[in-house]
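Chemist: Please see the structure below; I have some questions.
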Amino acid sequence: MNQIDLSGRCAVVTGGAQGIGLSIATRFLASGAKVSLWDQDASLLQATCSRLESHGSVHSVVVELTDAEAVAKATLDAASAFGEIDILVNNAGIAGPTEPSWEYALEDWRRVIDVDLNAVYYCCRAVVPRMREQDYGRIVNVASIAGKEGNPNAAAYSAAKAGVIALTKSIAKETADKNISINCITPAAARTRIFDQISQQHIDYMLSKIPRGRFVQVEEIAAMVAWLVSEENSFTTGGVFDLSGGRATY
């Protein structure tokens with residue numbers, strides 16, 4: 001593992017109690033950062049923090065990310081604990097049902113858009129002003145290959161992730177006058193608990209589209225994110241970094 005220097009940096013990772021978020025948080029701690037994990041699952045979050053305490057400085061906030069006021073309070077909590085927020089990784093997300101768009105329940109559509117897109121905006125809205133004030137910040141938004149290509153029977157998820165890509169580019173342009181880098185990644189599927197929300201047919205479809213012939217590993221995602229949030233990434237902003245195993249190279 002290459003050593004990325006995040007010493008002294010304070011990071012927030014949403015959806016950090018498991019899966020991709022947990023892997024990113026673990027990599028950050030190994031790189032010297034302090035990490036605040038945000039998640040809505042209180043018991044899982046507590047268990048995860050107990051596991052990670054021996055790895056470094058860990059803070060946690062139980063928060064419903066679709067509640068903008070709750071996100072603002074979580075931001076103050078994390079900033080109070082660490083003194084500042086240098087890094088934000090918007091990782092939390094849900095898959096939603098796998099149904100044709102014309103059969104998609106409206107309440108499911110709204111929930112997926114709320115969690116996968118609106119929550120990302122709420123977090124950026126709360127944290128970016130702090131980064132602008134300190135003239136330093138690194139944000140990585142976890143989008144998806146579905147946001148580039150649009151997966152069938154996953155219209156809400158695909159639309160939300162496409163929105164994350166556009167949101168990333170917009171905020172990056174707005175903050176380019178500061179030492180702030182805001183980028184997103186577009187991974188293919190990883191074997192995490194999100195697979196519990198997806199039909200086997202859809203899982204097979206996603207795998208069939210990956211030239212590598214396998215799903216991305218969470219550690220591979222964490223490796224790319226670790227560099228993107230490092231001080232070395234001082235020029236690239238508004239970028240979309242592919243982790244699709246060759247499925248999309250644009």
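Chemist: Does the range 231-247 contain at least one residue that is within 27 Å of M1 (Cβ to Cβ), of a type in the set (S, T, Y) and touching a Gly at 6+ places or on another chain (Cβ under 7 Å)?
Modeler: Within the range 231-247 (the criterion being within 27 Å of M1 (Cβ to Cβ), of a type in the set (S, T, Y) and touching a Gly at 6+ places or on another chain (Cβ under 7 Å)), the answer is no, since none of the residues qualifies.
Chemist: Going by the structure shown, is A126 part of a helix (DSSP H, G or I), modelled with pLDDT of 95 or more and surrounded by fewer than 20 Cβ atoms within 10 Å (Cβ to Cβ)?
Modeler: no
Chemist: Give the residue, chosen from L37, L88, that is in a strand (DSSP E or B), under 18 Å from N141 (Cβ atoms) and in contact (Cβ under 8 Å) with a residue 40 or more places away in the chain.
Modeler: Details: L37 fails: in contact (Cβ under 8 Å) with a residue 40 or more places away in the chain.
Of L37, L88, the one residue that is in a strand (DSSP E or B), under 18 Å from N141 (Cβ atoms) and in contact (Cβ under 8 Å) with a residue 40 or more places away in the chain is L88.
Chemist: Look at T26 and say whether it is part of a helix (DSSP H, G or I) and closer than 30 Å to S199 by Cα.
Modeler: For T26, the condition - part of a helix (DSSP H, G or I) and closer than 30 Å to S199 by Cα - is met.
Chemist: Given the conditions (1) free of Cβ contacts under 8 Å to residues at least 60 places away in the same chain; (2) assigned to a helix (DSSP H, G or I); (3) touching an Asp or Glu at 6+ places or on another chain (Cβ under 8 Å), report the number of the one that E53 does not fulfil.
Modeler: With (1) free of Cβ contacts under 8 Å to residues at least 60 places away in the same chain; (2) assigned to a helix (DSSP H, G or I); (3) touching an Asp or Glu at 6+ places or on another chain (Cβ under 8 Å) applied to E53, the lone miss is (3).
Chemist: Within the range 151-174, count every residue that is touching a strand residue (DSSP E or B) at 6+ places or on another chain (Cβ under 6 Å) and among the hydroxyl-bearing types (S, T, Y).
Modeler: Number satisfying all stated conditions: 1.
Yes/no per residue for (1) without any contact (Cβ under 8 Å) to a residue 24 or more places away in the chain; (2) crowded, with 23+ Cβ neighbours inside 10 Å; (3) of a type outside the set (D, E, K, R); (4) in contact with a strand residue (DSSP E or B) (Cβ under 7 Å, 6 or more places away or on another chain):
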site: T14; (1), (2), (3), (4): no, yes, yes, yes
site: L22; (1), (2), (3), (4): no, yes, yes, no
site: F28; (1), (2), (3), (4): no, yes, yes, yes
site: D41; (1), (2), (3), (4): no, no, no, no
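Chemist: Additional query: Right, Y157: of a type in the set (F, W, Y), buried (at least 17 other Cβ atoms within 10 Å of the Cβ) and either at pLDDT 95 or above or over 25 Å from D114 (Cβ atoms) (or both) or not?
Modeler: Criteria met by Y157.
Chemist: Give the range 205-240 a look and list any residue that's aromatic (F, W, Y) and crowded, with 18+ Cβ neighbours inside 10 Å, or say none.
Modeler: Answer for the range 205-240, where residues must be aromatic (F, W, Y) and crowded, with 18+ Cβ neighbours inside 10 Å: just F215.
The values are calculated or read from the model by the stated rules, or taken from the named source; none is laboratory data. Owing to the predicted nature of the structure, the values given are computational and were not obtained by experimental measurement. Note: ideal-geometry Cβ built from the backbone for every residue, glycine included; neighbour counts use all protein chains shown.
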